Amino acid sequence: MHLWIFTFLIIAAVLFVFKLSYVLCTAVVLPATHGALYVSTSRVRISAFLDAVPMKAGQLLVDIGCGDGRVLRQVGRRYGVRTVGYELNLLAYVKAKLLCFGRKNIQIKLGNFWHADLSEADVVFCYLFPDVMRDLGGKLKSDLKPGAVVVSCNFDLPGFIPERILRPGNSLHNDPIYIYHF
Ligand SMILES: C[S@@+](CC[C@H](N)C(=O)[O-])C[C@H]1O[C@@H](n2cnc3c(N)ncnc32)[C@H](O)[C@@H]1O
């Protein structure tokens, strides 16, 4: 067999296994994530909310459903603050652990954020789906300290009035980003 055919088959097999594990890992946690799939927020959108929500040394940002940890890395690079991510999807969790390896200010936890105590968070970031947002306000209200900021990509928190709604102004990444002060 020609080397290039062999290389093509190997690449196709690796991609297939990767896609299959994405589907399996997503399907297994679907009842708990209520449809919030593992999709990453674009860097443009992360930059937009970081411009609007400055953080100081010693503060903590928690990403409830951190995917591959992209938000945590970008926040760490910009402000050098401590970050924690919760993730249920095993594939996303493993990717986050690998990509964040060696970064002391980032902690990735395999688990359900509904069981987490968010009382230490200064900023909570989320990119979840409407079914989750419907109930999330109650948890945030009971967990968060006064003055904490909640940033929600794409979907609002029903029953809460956002202090700002950002539109990054980029034609591909212009969905709203809601910012709430608790
Ligand atoms: C749309 S992705 C966002 C990923 C990341 N926050 C970002 O913006 O790049 C939502 C993630 O939340 C995770 N998730 C949903 N419900 C969760 C829960 N109850 N506990 C932990 N993770 C959850 C999903 O597995 C998924 O990876």
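The values are calculated or read from the model by the stated rules, or taken from the named source; none is laboratory data. The structure displayed is predicted, hence computed values, not measured ones. Note that we place each Cβ from the backbone using ideal geometry, even for glycine, and neighbour counts take in every protein chain shown.
Computed values, structure above
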quantity	calculated
Single residue of Leu20, Leu15, Leu98 found to be modelled with pLDDT under 90, over 21 Å from Leu140 (Cβ atoms) and among the hydrophobic types (A, V, I, L, M, F, W, C)	Leu20
Residue check, Ile46 buried (at least 22 other Cβ atoms within 10 Å of the Cβ), modelled with pLDDT of 95 or more and more than 28 Å from Ile161 (Cα to Cα)	no
Segment 73-95, residues that are within 19 Å of Pro54 (Cα to Cα), in contact (Cβ under 8 Å) with a residue 24 or more places away in the chain and assigned to a helix (DSSP H, G or I)	Arg73, Gln74, Val75, Gly76, Arg78, Tyr79
Verdict on Asp143 being surrounded by fewer than 22 Cβ atoms within 10 Å (Cβ to Cβ), at pLDDT 95 or above, touching a Ser or Thr at 6+ places or on another chain (Cβ under 8 Å) and closer than 22 Å to His181 by Cβ	yes
Sole exception among (1) touching a residue at least 60 places away in the same chain (Cβ under 8 Å); (2) more than 22 Å from His34 (Cα to Cα); (3) part of a loop (DSSP other than H, G, I, E, B) for Ile179, by number	(3)
Subset of segment 1-55 (residues that are over 21 Å from Asn174 (Cα atoms) and either acidic (Asp, Glu) or in a loop (DSSP other than H, G, I, E, B) (or both))	Met1, His2, His34, Gly35, Met55
Condition met for Phe113 (modelled with pLDDT of 95 or more, buried (at least 21 other Cβ atoms within 10 Å of the Cβ), within 10 Å of the ligand (Cβ to nearest atom) and more than 11 Å from the chain's Cα centre (by Cα))	yes
Within segment 96-110, tally of residues that are in a helix (DSSP H, G or I), more than 13 Å from the ligand (Cβ to nearest atom) and out of contact with any strand residue (DSSP E or B) (no Cβ under 6 Å at 6 or more places or on another chain)	1
Condition met for Val151 (outside any loop (DSSP other than H, G, I, E, B), β-branched (Val, Ile, Thr) and modelled with pLDDT under 95)	no
Which listed residue, of Val81, Val62, Val28, Val71, is more than 9 Å from the ligand (Cβ to nearest atom), modelled with pLDDT of 90 or more and under 22 Å from Pro130 (Cα atoms)	Val62
Conditions (1) farther than 19 Å from Ser152 by Cα; (2) among the small types (Gly, Ala, Ser); (3) away from the ligand (no atom under 13 Å from the Cβ): number failed by Gly76	(1)
Residue satisfying all of: in segment 56-72; part of a helix (DSSP H, G or I) and touching a strand residue (DSSP E or B) at 6+ places or on another chain (Cβ under 6 Å); nearest to Phe101 (Cα to Cα) among these	Leu72
